[in-house]
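Working notes, beginning with the structure itself.
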Amino acid sequence: MRTVEEYLHYLKGKGFLFQEDAIGFIFFGKHYTNASDEMMNTAIELTLKAQKSFDGSFYMSLLETFIANEIHTRQAAIDFVTEQDLLVI
């Protein structure tokens, strides 16, 4: 399990560059939702897959949806967005 910092570093190595405001937004989401690193990393991953870049409002919406629906694991999040037709993965 990677921390959010480790995950962002990993993504940087894959060519995803986050602007300073995007990184601030990511950590704002953590404090706002009290989400775990696993859920934050999953929201970042799904945002990038759906939007092809980081979209802060999409990311926040995913995090809030996960918290509201008591989703706590990556697989549960993927299952949820697939079942709800929120994303095609």
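Derivation of every value follows stated rules applied to the coordinates shown; laboratory data play no part. Computed from a predicted structure; not experimentally measured. Cβ placement follows ideal geometry from the backbone for every residue including glycine, while neighbour counts extend to all protein chains displayed.
May I ask you to sort 47, 65, 73 by Cβ crowding, counting other Cβ atoms within 10 Å and putting the fewest first?
Ascending number of Cβ neighbours within 10 Å: 73, 65, 47.
I'd like the FRET efficiency for residue 27 and residue 72, computed as 1/(1 + (r/R0)^6) with the beta carbon distance as r and R0 of 30 Å, rounded to 0.05.
Rounded to the nearest 0.05, the efficiency is 0.95.
To the nearest 20 debye, what is the magnitude of the charge dipole of segment 4-83 about its Cα centre, counting +1 on the Cβ of each Lys and Arg and -1 on the Cβ of each Asp and Glu?
Here the size comes out at about 260 debye.
Within a 10 angstrom radius of the beta carbon, how do 74, 2 rank from fewest other beta carbons to most?
In order of increasing Cβ crowding within 10 Å: 2, 74.
Add -39500 (n - 2.57) for each DSSP H run of 4 or more in the chain, then divide by its residues: what number comes out at 222 nm, to the nearest 500 deg cm²/dmol?
So the calculated ellipticity at 222 nm is -22000 deg cm²/dmol.
Return, ordered by residue number, the residues of segment 43-65 whose backbone nitrogen is under 16 Å from a label point located 7 Å along Cα→Cβ of residue 17.
Residues 53-54 fall inside that zone.
Which order results if 21, 37, 85 are arranged by neighbouring Cβ count within 10 Å, fewest first?
85, 21, 37
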